[in-house]
Amino acid sequence: MPQQLPKDLIGDILCLLPLKSLARFRAVCKEWNTIWEDKSFSNHYLSRMRPQFMVATKYQTCSIEINLDEEDHVLSSIVERDITLEYPCETHTSIGYCDGFVLFCMYKKGFAIWNPWVRQNKFIENQEFDFCGIGYDVTGYKIFGLMSFYDSSGEDNYKVAIYECKSEVWKFINDTGLEPRRLIMQDNIVSIKGNLYVIAIDRKTRESFLQSFDFSEDQFKTICANLPSMEGCFTGLLAVFRGDRVSLLMQSEEVDMKVEILVSKQRVDEHGEVLVWINFMTVSIPDFPSLQPHILYPRPTYFVDGEKRLFVCAFDETEHLCIYIVKGDVLSTACGRG
């Protein structure tokens with residue numbers, strides 16, 4: 001009998017394949033197909049890829065790979081690769097991520113799901129809901145949509161639509177568990193271990209909350225009722241931190257455009273605990289760009305890595321897409337097409 005390699009070693013070898021070839025290996029044997037379906041393998045593969053952002057507007061849809069200088073690890077160049085969607089982006093488009101899958105959300109049109117493993121996409125039409133998140137439970141991946149309405153007491157509230165990717169079945173939810181008067185910042189939703197996380201603001205008191213949406217229960221939950229005050233900030237942005245925690249970027253309205261990155265001390269799925277926020281890094285660099293969202297372009301996106309580098313993707317004042325990387329007090333920038 002031929003000696004078989006350990007499953008973990010096979011996974012490490014397959015991680016060296018280019019993405020185009022990787023999607024074909026699942027047909028080799030049942031064991032390799034099992035590796036393909038293991039979420040830990042896909043996460044491990046994606047973690048080895050070059051840092052990148054996805055950008056979608058009515059003008060362009062592309063992936064942007066970031067090339068870093070090997071010696072000082074500052075930005076050397078960016079590479080844009082166009083993504084051809086089956087449906088044109090005629091309106092402002094937001095993006096959601098989960099396990100490498102990308103959700104392109106087209107206002108009052110529907111959404112497209114882009115599969116990076118086979119570089120294919122599928123468009124689903126729905127003109128009633130705004131789709132803004134992708135997650136999963138034990139039954140598979142699901143697309144999350146919102147529609148606002150006035151309830152019987154005259155308060156603003158939301159209905160939820162869920163599209164189940166595997167069965168192609170729709171589910172509509174009226175009782176979502178969301179407290180009245182809370183405004184969902186739906187253009188900045190992150191997916192962590194299948195559930196969605198988003199900032200909600202009380203329309204009257206202006207207090208901020210961290211909400212989750214649990215696909216296994218189809219309900220909103222308040223994860224943190226003590227978000228750091230965002231008064232005096234141009235913007236507050238959420239991102240995933242180290243796979244199971246959340247980070248919050250806040251930029252002040254002051255002249256120096258100081259940026260603070262806060263991270264949650266514990267995992268966000270530890271329900272019942274008040275999240276403790278710690279200051280991960282502070283950026284105070286002269287002439288640092290404003291990250292205030294522009295009405296014609298997607299909200300800026302960002303992430304931070306273990307080396308305390310800040311990566312930001314945003315449009316500048318000349319309407320060009322730019323990547324900013326901060327390491328210590330060094331800022332490097334590269335701009336692409338407008």
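All of the numbers you see were taken from the coordinates with simple rules; none came from a lab. This one's a predicted model, so the numbers in the text were calculated from it and none came from an experiment.
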Checklist outcome for this item: Placing one equal point scatterer on each C-alpha of the range 131-240 and summing with Debye, one gets log10 I(q)/I(0) at q = 0.23 Å⁻¹ equal to -1.35
Item to check | Entries of K109/K166; K109/K221; K108/K171 with Cα pairs more than 24 Å apart | outcome: K109/K221
Item to check | For the range 167-177, 3J(HN,Hα) per residue [Karplus equation, 6.51 cos²θ - 1.76 cosθ + 1.60, θ = phi - 60°, Hz, x = Gly/Pro] | outcome: 8, 6, 10, 9, 9, 10, 10, 8, 8, 9, x
